[in-house]
Amino acid sequence: MNVVVTGGGTAGHVFPALATATALRDTHGASIVFVGAADGQEAQLVPQAGFRFVPVQVSAAQARFSLSAVRAAARAVRGARSVRPLVGGADVVVSVGGFASGPAALAARRTHVPLVLIEPNSVPGIVNRIAARWAAAVATTFDGTAGRLPDGVRVERTGNPIRSEIAVVPERRDRLRAEACEAFGLELGRTTVFVFGGSQGALHLDRVIADALPAFADRGDLQILVSAGPGHDADVARAVDRSAALRVAVVPFVGRMDRAFALADVVVARAGGSVAEVTACGLPSILVPYPHATENHQEANARELVAAGAARMVLDRDLSSSTLVRGILELVDDRATRSAMAAAARAWGRPDAADRIADLCVGVAREAR
């Protein structure tokens, strides 16, 4: 089976695409070609993962009715022409959305190749909303997504594909915790809070956690791991009191998120694509939606997780050192609540999302023959 996987722009798009491509290749023997933006993160990450990469020129548009939107549409049409022969030879096209997916999604329509969309957010992106009109199926992460798609679209709640090393964290937690303590200079036996901002919006979280650290200084039972982002780690590290009972590790980037998730008892994070990994690991979370995300989709994401009992939410405008300290301590000091939230996270999560979507793609391709 020949499969074209398309989309990207950010790691939040690329990692689910790679997880799906890997499942299609390893489980179903599919031959994979990835179409993405020449200047997106996929241009590096896809070849590194061992998949063939075909670059296209795309443009993003911040407003639906603007000169940039016209430019983006024109480039998508040109890109569709360039990849049409490639797409025409595929059995199915799988799109993770983003403007990088536009050309191959358009080519799928022109060549009548079935299209499967992966929508990781509660509020669908503009490209996926348009492409859903001719898609064979849409794989969603959030229940609320279906109501924001055109009527008659086939919707399957598969979850958002996650990296294989994250999916196995629950069964390898003890070993990974020991590795994490050694890697980050932390201790086994302490309750661990893991704070990370993702690819967007880390700066505000960094500043607030730095201001909050003195409130935890006498907590010898607690430790905090902060992934501050490149260039921000030094500012957070300066707020660390090395003589305090609290243990703190500040890093610019976590290369092994499986170790960080295995060590964590509570997560503080934004509410983008990373929530799929947080819930798959069964972790209670305090979510601070990034307020500038397109159509405020992160707040919609967070609200569904709060309703499921898996998370608590603090809006960015309400985030301060006092609200963060209060939220963290409420969970750190209440093991029963943490346990209930962890169970809710596991119930909501879909660690096998990549396999579910791979099976969906195979089924769609068979139906189209």
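The values are calculated or read from the model by the stated rules, or taken from the named source; none is laboratory data. The model shown is predicted, which means the values in this text are computed figures rather than measured ones. Because the Cβ atoms are built from the backbone with ideal geometry, glycine has one as well, and the counts that use them run over all protein chains shown. The protein model used for the area step is the full one, side chains on, heavy atoms only, and it has no ligands, DNA or RNA in it. Shrake-Rupley method; radii C 1.70, N 1.55, O 1.52, S 1.80 Å.
One table, with the values for the structure above:
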| item | result |
| --- | --- |
| Filtered residue count, region 280-308, keeping only those that are at pLDDT 95 or above, open to solvent by 30 Å² or more (accessible area, probe 1.4 Å) and of a type outside the set (D, E) | 4 |
| Verdict on S227 being more than 21 Å from G98 (Cβ to Cβ), touching a Gly at 6+ places or on another chain (Cβ under 9 Å) and either free of Cβ contacts under 8 Å to residues at least 40 places away in the same chain or open to solvent by 50 Å² or more (accessible area, probe 1.4 Å) (or both) | yes |
| Condition met for V14 (β-branched (V, I, T) and either over 17 Å from the mean Cα position of the chain (by Cα) or not in a helix (DSSP H, G or I) (or both)) | no |
| Residues (among the aliphatic types (A, V, I, L, M) and open to solvent by less than 30 Å² (accessible area, probe 1.4 Å)) located in region 315-335 | L315, L319, L324, V325, I328, L331, V332 |
| Members of region 87-105 found to be open to solvent by 30 Å² or more (accessible area, probe 1.4 Å) and at pLDDT 95 or above, listed by number | G88, G89, D91 |
| Lone qualifier among A136, A183, A239 - being over 30 Å from S320 (Cα atoms), open to solvent by 30 Å² or more (accessible area, probe 1.4 Å), among the small types (G, A, S) and in contact (Cβ under 8 Å) with a residue 12 or more places away in the chain | A136 |
| Within region 18-43, considering residues that are without any contact (Cβ under 8 Å) to a residue 40 or more places away in the chain and among the charged types (D, E, K, R), the one most open to solvent (accessible area, probe 1.4 Å) | D39 |
| Filter pass, G9 being on the phi > 0 side of the Ramachandran plot and at pLDDT below 90 | yes |
| Within region 132-160, considering residues that are under 18 Å from A368 (Cβ atoms) and modelled with pLDDT under 95, the one nearest to the chain's Cα centre (by Cα) | V153 |
| Qualifying residue in region 261-275 (condition: crowded, with 18+ Cβ neighbours inside 10 Å, touching a strand residue (DSSP E or B) at 6+ places or on another chain (Cβ under 6 Å), small (G, A, S) and touching a residue at least 60 places away in the same chain (Cβ under 8 Å)) | yes |
| Every residue from region 336-369 that is more than 19 Å from the chain's Cα centre (by Cα) and either open to solvent by 30 Å² or more (accessible area, probe 1.4 Å) or under 30 Å from L213 (Cβ atoms) (or both) | A336, T337, R338, S339, A340, M341, A343, D359, R366, E367, A368, R369 |
| Residue that is closer than 21 Å to D333 by Cβ and of a type in the set (S, T, Y), where the choices are S243, S285 | S285 |
| Total residues in region 188-198, condition touching a helix residue (DSSP H, G or I) at 6+ places or on another chain (Cβ under 6 Å) and either of a type in the set (S, T, N, Q) or open to solvent by 40 Å² or more (accessible area, probe 1.4 Å) (or both) | 3 |
| Number of the exception - V46 against (1) surrounded by fewer than 24 Cβ atoms within 10 Å (Cβ to Cβ); (2) modelled with pLDDT of 80 or more | (1) |
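Matching residues to (1) under 18 Å from V226 (Cβ atoms); (2) charged (D, E, K, R):
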position: A302; (1), (2): no, no
position: V314; (1), (2): yes, no
position: R317; (1), (2): no, yes
position: A342; (1), (2): no, no
position: R366; (1), (2): no, yes
